[in-house]
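The values are calculated or read from the model by the stated rules, or taken from the named source; none is laboratory data. If you're wondering where the values come from, they're calculated on a predicted model, not measured in any experiment. Cβ sites come from the backbone with ideal geometry, for glycine too, and all protein chains shown count toward neighbours. Just the protein is used for accessible areas: all its heavy atoms, side chains included, with ligands, DNA and RNA removed. Shrake-Rupley method; radii C 1.70, N 1.55, O 1.52, S 1.80 Å.
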Amino acid sequence: MSGTDDNDDRVGHRSRLRQRFLAAGAEALADYELLELLLFLAKPRGDVKPLAKRLVARFGSFAEAVSAPVEALERIDGMGEASIVALKTAQSTAARLLGQPLLNRPLLSSWTQLLDYCRVALAYQAVEEVRVLYLDRKNRLIRDERQGRGTVDHTPLYPREVVKRALELGASAVIVVHNHPSGDPTPSQADISVTRQLGEALSTLGLTLHDHLIVGRGGHTSFRSAGLL
């Protein structure tokens, strides 16, 4: 009987948690409870609360957990392929929801949405990644492309490759975005130097470097706002 009672309790807990989410939204739930909802999709039966709490204990928050590298999630006891896919789907869905409205819109007038997208896409990455946003003459987004991935504190940015790709796409301007896994978005001297090189290379062909954004858990830095462009 005790096994049946435990099962009933777990079923009841799942139902109550879903009802709270539908009635009051995500704001009413703790980080581990949001993770539970995702894990329900991967594990139709059983108690996933301990696993959800392990994820928060290991990574620190809901955002950190869903953004964690697959290799790190695999090391958590109880995290199988289906559970990892559930978490990474949540991360990818958030990035797509924020990124899709930016297509074919003037990015310079959608700055807040752009920053939100960059934070979701890059701020929690474990290694540095450079993305380049290519814009048309009306500053509408043509393409958002990864230019490179590096290590925890470095990734190369090749001005020649950015210029070449801008010409291929018929772009008139670019915005460079990269992350600092340390969480501190302060530009390094190398960041400043390569950004100036890129700006000069684009300028010689009549193209514009609108900005270079660095995002991290601790916020963001705009080179233009900081007077570095």
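With the requirement that a residue be among the hydrophobic types (A, V, I, L, M, F, W, C) and under 15 Å from Arg10 (Cα atoms), what does region 27-41 give you?
If the condition is that a residue be among the hydrophobic types (A, V, I, L, M, F, W, C) and under 15 Å from Arg10 (Cα atoms), then Leu37, Leu39, Phe40, Leu41 are the ones that fit.
So which of Ala166, Ala190, Ala201, Ala121 ends up being part of a helix (DSSP H, G or I), among the hydrophobic types (A, V, I, L, M, F, W, C) and open to solvent by 60 Å² or more (accessible area, probe 1.4 Å)?
Ala190
For Asn139, only one of the following conditions fails: (1) out of contact with any His (no Cβ under 8 Å at 6 or more places or on another chain); (2) surrounded by fewer than 19 Cβ atoms within 10 Å (Cβ to Cβ); (3) not acidic (Asp, Glu). What is its number?
(1)
So which residues in region 128-140 are under 18 Å from Leu167 (Cβ atoms) and within 18 Å of the chain's Cα centre (by Cα), if there are any at all?
Residues satisfying the conditions are Val132, Leu133.
Please determine, by comparing only the residues of region 50-89 that are of a type in the set (Val, Ile, Thr) and within 17 Å of Leu37 (Cα to Cα), which one is surrounded by the most Cβ atoms within 10 Å (Cβ to Cβ).
The qualifying residue surrounded by the most Cβ atoms within 10 Å (Cβ to Cβ) is Val66.
Filter region 43-58 down to residues that are touching an Asp or Glu at 6+ places or on another chain (Cβ under 9 Å) and in a loop (DSSP other than H, G, I, E, B) and give me whichever is nearest to Val70 (Cα to Cα).
Ranking the qualifying residues of region 43-58, first place goes to Val48.
Provide a single number: the residues in region 59-94 that are part of a helix (DSSP H, G or I), touching a residue at least 24 places away in the same chain (Cβ under 8 Å) and among the small types (Gly, Ala, Ser).
Number of matching residues: 9.
Residue by residue through region 121-175, note down the ones that are aromatic (Phe, Trp, Tyr) and modelled with pLDDT of 90 or more. Full working, then the answer.
From region 121-175, those aromatic (Phe, Trp, Tyr) are 124, 134, 158; that's our starting set.
Matches in region 121-175: Tyr134 only.
I need a count of the residues in region 27-49 that are touching a helix residue (DSSP H, G or I) at 6+ places or on another chain (Cβ under 8 Å) and open to solvent by 50 Å² or more (accessible area, probe 1.4 Å). Explain how you work it out, then say what you get.
At the first step, the residues of region 27-49 found to be touching a helix residue (DSSP H, G or I) at 6+ places or on another chain (Cβ under 8 Å) are 28-29, 31-43, 45-49.
Remaining after also requiring open to solvent by 50 Å² or more (accessible area, probe 1.4 Å): 31-32, 41, 43, 45, 47, 49.
Counting residues in region 27-49 that are touching a helix residue (DSSP H, G or I) at 6+ places or on another chain (Cβ under 8 Å) and open to solvent by 50 Å² or more (accessible area, probe 1.4 Å) gives 7.
Please work out which residue is nearest to Arg140 (Cα to Cα), limiting yourself to region 206-229 and to residues that are of a type in the set (A, V, I, L, M) and either open to solvent by less than 20 Å² (accessible area, probe 1.4 Å) or in a strand (DSSP E or B) (or both).
Residue satisfying both the conditions and the ranking: Leu209.
Quick check on my filter: what residues within region 67-81 are among the hydrophobic types (A, V, I, L, M, F, W, C) and within 17 Å of the chain's Cα centre (by Cα)?
Ala68, Val70, Ala72, Leu73
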